[in-house]
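First the structure, in the form of structure tokens, and then the observations on it.
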Amino acid sequence: MSRMLIGLTIFFFIASLVQLYFVGLSIQTAPVIQQTTLLRPIQCPPQLTPELCLSSERMNTAAILEANIVQRRYHQAAVLLMGRVWYTYLGFVTGMVLALVGAAFILGQLQMPASELEAKTPPVQMTLRSASPGLTLCVLGVMLMIVTFVNPQDIKVADGTTYFGIVGTPGGGSAKPEVPNLVPQTPAGEKK
């Protein structure tokens, strides 16, 4: 029994530390914006007017920033998912360790004075009386595993524009995005 307790304790701590390390690593590796792309000098083709060139550069900058914010939004959702998986894993492993330690106590025929475990919720009332601490640990472990899996945790990602202005609706909406005309216009009557 003592070997099983030591082995499960070592497994629990090593597995939990490894999982926590990977969750922390994924949190720290957020997408970064390439500043060299944003801070490059403006190169305007000769056929574009300065206004159209500036408009084009604004559009490119907004597209780069918008792509970065979408990457960050989905990175945050991935981190939340990893946290949820770690939470579920931790509850399952803890419940499994409790159940296995309880099973070792039962197989070792460890007897103690009778103990009582009672749980009351409005629709259900449960009482467990046992002289075996192993049975109590098994029941607690199974209950912890069930609660861990039954507890729903939704992760939602809401997409929307941040850097693109929407015509007629400040801060976003369903209207058509304002996109500058990047094709040079020739005055009426002139041939190109």
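Worth a mention:
- Rh (Kirkwood; distinct C-alpha pairs) - segment 2-150, Å: 20.5
- Counting neighbouring beta carbons within 10 Å and listing from fewest to most, the residues Asp154, Asp159 come out as Asp154, Asp159.
- Relative contact order of segment 2-150, pairs being alpha-carbon contacts under 8 Å that are 6 or more residues apart, as %: 24
- Applied to segment 20-36, the Karplus parametrisation 6.51 cos²θ - 1.76 cosθ + 1.60 on θ = phi - 60° returns per-residue 3J(HN,Hα) values of 5, 4, 5, 5, x, 5, 5, 5, 6, 8, 7, x, 10, 8, 7, 5, 5 Hz, with x for Gly and Pro.
- Panel note: the C-alpha atoms of segment 91-159, placed on their principal axes, show extents of 59, 29, 10 Å (largest first).
- Cα→Cβ-extended label distance, 7 Å offset, between Tyr74 and Ser2, nm: 5.5
Read-outs: derived from the displayed coordinates by stated rules, not from any lab. Quick caveat: nothing in here was measured; it's all calculated off a predicted structure. Here the Cβ is made from the backbone with ideal geometry for all residues, glycine too, and neighbour counts use every protein chain on show.
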